[in-house]
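Presented below is the structure to which this report refers.
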Amino acid sequence: MEKIYWNKEIETMEHEDMKKLQSERLVKQVRHVWDNVPYYRRLMEEKGVTPDDIKGIEDLHKLPFLSKADLREGYPYGLLAVPLSECVRIQSTSGTTGKRVVAFYTQHDIDLWEDCCARAITAAGGTNEDVCQVCYGYGLFTGGPGLNGGSHKVGCLTLPMSSGNTERQIQFMMDLKSTILCCTPSYAAYIGETLHEMGYTPDDIHLKAGIFGAEPWTEEMRQEIERLLGIKAYDIYGLTETSGPGVAFECEAQTGMHINEDNFIAEIIDPDTGEVLPEGSKGELVFTSITKEAFPLLRYRTRDICVLTREKCSCGRTLVKMTKPMGRSDDMLIIKGVNVFPSQIETVLLKDFNATPNYQIVVDRAGNVDTFEIKVEISDEMFDDTIKSVEQLEKKLSADIVQILGIRAKISLVEPKSIPRSEGKAVRVIDRRKLV
């Protein structure tokens, strides 16, 4: 079967040619930022670096890092690199941990962003013959606008549904014969559950693919979504700070997400020392935007932990691949002195026990001792089992958690539907400790 690309020249470009393109764009971008962003120019001066020191990507490591703290300090206009009159849109983070991060876009920035999303839709098999149902949130959140624009570029009939009103989502899905679903993985699972509760099966809908991101999810959750909806589930990655979804996307190989290297240079660093690590190392992902005009971040620390690889991909794309984020260097849980990533727990729950994707991790503190509880919603069939069998399952889960994490958790198997469903990002962790 002929392979389809949105931009074959870029997506299959030889590595040496891509490095040359990146170097040219990096040199230009550093000068642009130096001339127009006093905040970042000060960081460069403090490090003793000028634009003349950056000859190509081999000099990238000389530049200072940016973090979310810098973005908050510069709020709202401190990192803007063009006159406000040239900006046509903002997008923003939720601001749940402090000041919002506001990202600015010129029309050129939006065109490039939508082009990246078009690559992701095409990699998932999308063409102008498809009906793309976008159930990411719209408004300030980047998910809806990004995939909406990418869908338009591909030429799909686009359903700008946003999230919520799930039965109506399914009705539109059936009536308009949607073929591609775009939303968070937790909402995709919820749509799948609701579909079955309404008495339908995957044979009653026309979906062939889903593009899911904005929250962590495991391979086991992917398999569950594919079973519930009868589709192939593709991962997509992005950050509001760097534009939104489409920074990286998954192809049919489903072995990692291809980074759009013509727009973003990726590095892996040691999160403690900032040292750049060699290819194949596990560490913190850092991005440099080399084409964005209004809000071009250089060496932005994402805090996502992953691995980069250039192993040959069966899809024919030569763009470097990143693994699914394996956790974060800043929001991992430290429980009883042990680093815990929610994705580790999800893998145990879904793989070993075929549990639904609905669970919550509750961390608290009694006196000076951490308490650690995992609430797992079980199916109707399991809930109807004897008390003894439920207790055995709790013990088995507890033992597997100990084996993975090295610490014990209280396992609470709870009634079906007792954990609140999410139509946006799932709330997986409740940390009630006062740690500061």
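Number of residues in region 170-191 that are over 20 Å from the mean Cα position of the chain (by Cα) and either modelled with pLDDT under 95 or farther than 12 Å from residue 132 by Cα (or both) equals 4.
Look at residue 25 and say whether it is under 26 Å from the mean Cα position of the chain (by Cα) and either outside any helix (DSSP H, G or I) or farther than 19 Å from residue 290 by Cβ (or both). It is false that residue 25 is under 26 Å from the mean Cα position of the chain (by Cα) and either outside any helix (DSSP H, G or I) or farther than 19 Å from residue 290 by Cβ (or both).
Residues that are open to solvent by 40 Å² or more (accessible area, probe 1.4 Å), part of a helix (DSSP H, G or I), closer than 23 Å to residue 109 by Cα and touching a residue at least 12 places away in the same chain (Cβ under 8 Å) are absent from region 45-56. Would you be able to say whether some residue in region 31-38 is open to solvent by less than 90 Å² (accessible area, probe 1.4 Å) and farther than 16 Å from residue 291 by Cα? Scanning region 31-38, I find at least one residue that is open to solvent by less than 90 Å² (accessible area, probe 1.4 Å) and farther than 16 Å from residue 291 by Cα, so the answer is yes.
Is there a residue in region 137-157 that is under 27 Å from residue 242 (Cβ atoms), part of a loop (DSSP other than H, G, I, E, B), touching a residue at least 40 places away in the same chain (Cβ under 8 Å) and touching a Cys at 6+ places or on another chain (Cβ under 8 Å)? No: region 137-157 contains no residue that is under 27 Å from residue 242 (Cβ atoms), part of a loop (DSSP other than H, G, I, E, B), touching a residue at least 40 places away in the same chain (Cβ under 8 Å) and touching a Cys at 6+ places or on another chain (Cβ under 8 Å).
Close Cβ contacts (under 8 Å, 6 or more residues apart or on different chains) running from residues in region 394-422 that are assigned to a helix (DSSP H, G or I) to residues that are modelled with pLDDT under 90 and not aliphatic (A, V, I, L, M) comprise 396/352; 396/353; 397/352; 397/353; 400/352; 404/344; 404/347; 405/344. If you go through region 309-352 and pick out every residue that is open to solvent by 20 Å² or more (accessible area, probe 1.4 Å), of a type in the set (A, V, I, L, M) and either more than 16 Å from residue 429 (Cβ to Cβ) or not in a strand (DSSP E or B) (or both), you end up with 2. Contact map, region 287-309: first residue over 15 Å from residue 265 (Cβ atoms), second residue modelled with pLDDT under 95 and not in a loop (DSSP other than H, G, I, E, B), Cβ cut-off under 6 Å, separation 6 or more or different chains; pairs are 303/328; 304/328. Take the conditions (1) in a loop (DSSP other than H, G, I, E, B); (2) more than 24 Å from residue 275 (Cα to Cα); (3) open to solvent by 60 Å² or more (accessible area, probe 1.4 Å); residue 80 misses just one of them, which is (3).
Restricting attention to region 83-98, the residues that are modelled with pLDDT of 90 or more and either of a type outside the set (D, E, K, R) or part of a loop (DSSP other than H, G, I, E, B) (or both) add up to 8. Of all the criteria given as (1) in contact with a strand residue (DSSP E or B) (Cβ under 8 Å, 6 or more places away or on another chain); (2) without any contact (Cβ under 8 Å) to a residue 60 or more places away in the chain; (3) assigned to a loop (DSSP other than H, G, I, E, B), the one not satisfied by residue 110 is (3). If you check 274, 280 for being of a type outside the set (A, V, I, L, M, F, W, C), open to solvent by less than 30 Å² (accessible area, probe 1.4 Å) and modelled with pLDDT of 95 or more, only one passes: 274. Reported count of residues in region 244-255, each being more than 20 Å from residue 127 (Cβ to Cβ) and open to solvent by 10 Å² or more (accessible area, probe 1.4 Å), is 1. The single condition among (1) open to solvent by 30 Å² or more (accessible area, probe 1.4 Å); (2) modelled with pLDDT under 95; (3) not in a helix (DSSP H, G or I) that residue 206 does not meet is (2). Filtered by the rule that a residue be surrounded by 12 or more Cβ atoms within 10 Å (Cβ to Cβ) and at pLDDT below 85, region 371-403 gives 378, 379, 382, 383, 385, 390. What do you reckon, is residue 20 in a loop (DSSP other than H, G, I, E, B) and without any contact (Cβ under 8 Å) to a residue 40 or more places away in the chain? So residue 20 fails the test. Residues that are open to solvent by 30 Å² or more (accessible area, probe 1.4 Å), in contact with a Phe, Trp or Tyr (Cβ under 6 Å, 6 or more places away or on another chain) and of a type in the set (Asp, Glu) occur in region 417-432; there is at least one. Residues in region 105-122 that are more than 17 Å from residue 262 (Cα to Cα) and hydrophobic (A, V, I, L, M, F, W, C): 121 only. Does at least one position in region 168-187 carry a residue that is aromatic (Phe, Trp, Tyr), more than 29 Å from residue 288 (Cα to Cα), assigned to a helix (DSSP H, G or I) and open to solvent by less than 10 Å² (accessible area, probe 1.4 Å)? The answer is yes, given that some residue of region 168-187 is aromatic (Phe, Trp, Tyr), more than 29 Å from residue 288 (Cα to Cα), assigned to a helix (DSSP H, G or I) and open to solvent by less than 10 Å² (accessible area, probe 1.4 Å).
Applying the condition of being within 17 Å of the chain's Cα centre (by Cα) and assigned to a helix (DSSP H, G or I) to region 217-244 and asking which residue is farthest from residue 65 (Cα to Cα) yields 225.
The values are calculated or read from the model by the stated rules, or taken from the named source; none is laboratory data. As the structure is a prediction and not an experimental result, all values here were calculated from the model. Using ideal geometry, Cβ is built from the backbone for each residue, glycine included, and neighbour counts are taken over all protein chains shown. What goes into the accessible areas is simple: the full protein's heavy atoms, side chains included, and nothing from ligands, DNA or RNA. Shrake-Rupley method; radii C 1.70, N 1.55, O 1.52, S 1.80 Å.
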